[in-house]
Each structure stands twice: as structure tokens, then as C-alpha cells.
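The values are calculated or read from the model by the stated rules, or taken from the named source; none is laboratory data. Every value quoted in this text rests on a predicted model; they were computed, and no experiment measured them. Positions of Cβ are backbone-derived with ideal geometry, glycine not excepted, and every protein chain shown enters the neighbour counts. We work out accessible area using only protein heavy atoms, side chains counted, and drop any ligands, DNA or RNA first. Shrake-Rupley method; radii C 1.70, N 1.55, O 1.52, S 1.80 Å.
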Amino acid sequence: MSRIRVRPALFLALLGMLLSSAPALATKVGWHTSACPIDGTQSKVYELYSKNNHGGFDSDLCSYSSQGQWRGYAIATCPTDLLTLYADDFELVYDEQTLLALQAEAAAVVADNPDPDALEVWDRYAIAARFYRVMGKDDAFLAELYHQASWVVRDGVVGVFMGLEGPVAAKQLLVQGQEDLGGELAPDVRKKLLHNLARVAHRYGDAQLCDSYLDQFEALPDLTPVERETVARMRYLAQEVEPRFQDLAIEAYLARLRQSDLGRDELIRSTYLVADLLRRRDRLVEAVPLYSLVVTAEDAPQQLRELALFLASEIVDEAKARDPSPPRPEPR
């Protein structure tokens, strides 16, 4: 992959362009009411009219529309029994045995969530997973659901910005942004730059770097209460909530990978996703061999091979930078 150099003096202008949003072709949704399959309560169900991928993508294949993400609307919840399913599944007709199982789970869900109005979208994804388990959905389905939930949380951390096409572009911005931080910047410009670099670092998948930028942001003088609240919210989502769903996705993907009926495409894709989720969870020693499996798979999609090679190389290079001494020979 070729690297595009952007002079540090141009970085802030470039970042401003990337962080701007485009009004055209944004995600558009509508909604209608539908009877809850369990108790018949009229429930709001969203439907997708249009979306785009102008917001770029991340290393774990999370893609972004320019304004709003469909995944934030993709599940429907009954306001009384909290049945939560993808919109298409919410409107299916279920047999009596399935309905009885859903009713039993709904009673448990309601007991566990006495204040439904306090539920975030990702909380409802977690609830949906409970119902889908009752319905007998397999590990592959649950892995994707948990992974989607982690993306919904990430939306709350990074919002939307345009044109950040994958980890190579993100890494370039981080390197260039770090150079710019070493120069003379007006206080408001430094504040904006640190906040945006934290967002880019999170999309890149470097939790420690994201946290470092948030630390630097918080150390600035004269932060407003709203700014401090924003940083606290970012930390909570990035360090506590998103990792919880990533761990659940890893567990479910690995369970699926242990099964014998995977097709080759699913095997390669799931291996790559587990590798990248492990990297994002700072489990680097576990991530590199899985990236390597993708790199050496001749039938893997070219994009996945290139991403895996880049990310594995970044891990190895950073490890060498921390400990440049050559390995010692094993004693005989």
C-alpha cells in the first residue's frame, strides 16, 4: 500500500475536510407501528430508505454513512414486554412454542430492566441477543449482532466524519497530527485537534493512544463543563461499553470458528475479524497469528489480505520500537 504524505502545515485543513459532513445522500429512515408478536402492543419499527458509505470504514469493517447510521435504528423494541429484534424479525409470525419461550424471556428482561426509558441503543442490542438465543440463533448470527452493537457504541464515541478510508488513512492522520501538536497552535485549535485525534485513534483501534489524547485534552486550561462531560462520556463508551460487546463478539466468532461446517469465505472473514477485535482489545500476541493466516490465504479477498498485512506489520514494528534489542538465543 502506498503512503500519501501530507505536509504538517496542511494537516489541520485536511482534518477539517475529513470531519465535515455532506448533506447529500445521508441515511434516511422512516417508521411505522407494528403489533408486538408477544402482547400486541403497537411498537415503532424503523425502515431504511437510503444510506451511503461516504463516512469511510474501519479496520474491523465498520462502515459509516455521511449522516447517521442505520444500525442505530435497525432493531425494534416493544415498550411493554421489551421484546427486541431486528425490524424484519419483529414482524414475523411465530409458532406457539417460540412465542411461549419469548414470553418467558420477556418476563426476565422486564425484571432486569425496571426503567426501560433509560436503555441506550446498545442496551437494546444486548437484550435482542437474549431473545435470539431463545430462538436458537447460532454463534455466527450472535457474533455479528454483538459486533454491530460495538459499532453502535463507537458511533457514540466518534460521531461521523468523512473520507477516513480504513486504518492506513487513520494511521497517516495520527502521525501527521502528532507532528502538528509539536508546533505553535492557538489554544482553541489545540483543543480541537486533540479531540479529533482521540476520535481518529479510536477508529484506528489504538485504545492507549485515544486515552492519551483525552488525557492531554483534559489537561488543557479553561475547559467548559460541557467539554469535560464530553470527554467523560467518550472514556466511558470507549473503555467500558464498547469492549464489553467486542469481547462477546470475539467469544461468539471463536465458537463459530471451532465448528466444522464453515465455508471458506466465512472462515477467512471470521478469522480476520477476530484478529482485529483482539488487536482492538490490546491482545496483540493473539492477534498477529490470525492476521498471518489471512495474509497467507491465497483465496482471501485482496482487501482483507492487505489490511491484515498492514495491521500485523504495525504491531510488529511497534513491538520492535519498544524493545529494539535482538532476541537472545535459546540456551542449549
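A few remarks follow.
- For the range 69-105, the set of residues classified as within 28 Å of the chain's Cα centre (by Cα) and part of a loop (DSSP other than H, G, I, E, B) consists of Gln69, Tyr73, Ala74, Cys78, Pro79, Leu82, Leu83, Glu91, listed by residue number.
- Near pairs, Cβ below 7 angstrom, 6+ apart or cross-chain, from the range 108-122 (within 11 Å of Asp81 (Cβ to Cβ)) to any residue that is charged (D, E, K, R): Val109/Arg130; Val110/Asp81
- Residue match in the range 277-294 (condition: in contact with a Lys or Arg (Cβ under 8 Å, 6 or more places away or on another chain), surrounded by fewer than 21 Cβ atoms within 10 Å (Cβ to Cβ) and of a type in the set (Asp, Glu)): no
- Residues that are charged (D, E, K, R) and open to solvent by 40 Å² or more (accessible area, probe 1.4 Å) occur in the range 157-168; there is at least one.
- Exclusive hit being open to solvent by 30 Å² or more (accessible area, probe 1.4 Å) and closer than 15 Å to Arg154 by Cβ, set Ala207, Ala198, Ala219, Ala186: Ala207
- Arg199 in contact with a Gly (Cβ under 9 Å, 6 or more places away or on another chain) and either outside any helix (DSSP H, G or I) or touching a residue at least 40 places away in the same chain (Cβ under 8 Å) (or both): yes
- Every residue from the range 28-68 that is assigned to a loop (DSSP other than H, G, I, E, B) and either surrounded by fewer than 16 Cβ atoms within 10 Å (Cβ to Cβ) or without any contact (Cβ under 8 Å) to a residue 40 or more places away in the chain (or both): Asp39, Gly40, Thr41, Lys51, Asn52, Asn53
- Residue that is farthest from Glu314 (Cα to Cα), among those in the range 163-174 that are over 16 Å from the mean Cα position of the chain (by Cα) and of a type in the set (A, V, I, L, M): Leu173
- Residue that is nearest to the chain's Cα centre (by Cα), among those in the range 197-228 that are acidic (Asp, Glu) and farther than 21 Å from Phe161 by Cα: Asp215
- Screening Ala126, Ala108 for residues that are within 24 Å of Glu251 (Cα to Cα), over 27 Å from the mean Cα position of the chain (by Cα) and of a type outside the set (Val, Ile, Thr) leaves exactly one candidate, Ala108.
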